[in-house]
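The values are calculated or read from the model by the stated rules, or taken from the named source; none is laboratory data. All values reported here derive from a predicted model rather than from experimental measurement. Remember, those area values only see protein heavy atoms, side chains included, never the ligands or the DNA or RNA. Shrake-Rupley method; radii C 1.70, N 1.55, O 1.52, S 1.80 Å.
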Amino acid sequence: MTRSTQVAPGRPGILVGLKAESRLIRQVFPHAAIAASGATRTGAQREAARLAACGADCLLSFGLAAGLDPAFPPGTLIVPERVMAWGTPYVCDPTLRHILGAGQPDVQGKSLLHSDTVVLDAAEKARLFAASQCTALDMESGFLARAAEEAGLQFAVLRVVCDPAGRSLPPVAGTVLSPDGGLNIRALLGSLLRHPGQISGLIGLGKDAGRARTAMLTFLEQQRTRPAFARFAN
């Protein structure tokens, strides 16, 4: 059976980075298989492979992304045409992209960059943008794309810019996540006690994350009124 005659997918496996992202997308995809990477390379690789083997008929990468293109502020929605990972372009499925909102006003396409490590520094974001011309970056989409290719599944990405290209994050932002994608409060408090100058950076990150979450929630509520998305989600 050719791709053009395939039945539209309806059993997505969804990979996120954090528990908060999992709770958000669960409201929209109540029956989907959802896994959190814990924002680690090992977790992303493991959970992408698990989703590909769980009986899902397509794979989605969902959640926050670090901005690389300085033109896009926090809250920018991205449904990329491809994921660039380890020097390889993985092309997102056009049908899934359409269902997720590609081509709608204020939804960006182009390319998303995968990173195996957390990128905190604005200068490093600028270097990556100059080298790749990718809109944004995350730590899950590359593993999901590769797992989809190996399993013969369609995949797509829906991400929202959190920290913009010009903002450097405090070091604590890259060290306080627990392996299951939650927050390690002890590590957070310990780091802030040792380096209290990080507090202002965390406040800025919190504001950016709030804008990103609001933008994503608003977008998803709009999408739920579209028949193709509603059928896919339910």
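Mind listing P(r) for region 1-133? All alpha-carbon pairs, 5 Å bins, whole percents.
For region 1-133, the pair-distance distribution reads 2, 9, 17, 22, 24, 16, 8, 3, 1, 0.
Compute the distance from the alpha-carbon center of region 81-120 to that of region 131-161, in whole Å.
Taking the Cα centre of region 131-161 as reference, the centre of region 81-120 is 6 Å away.
Can you pull the percent of region 4-110's accessible area that's carbon plus sulfur, 1.4 Å probe, other chains left in place?
For region 4-110, the apolar C and S fraction of the accessible surface comes to 55 percent.
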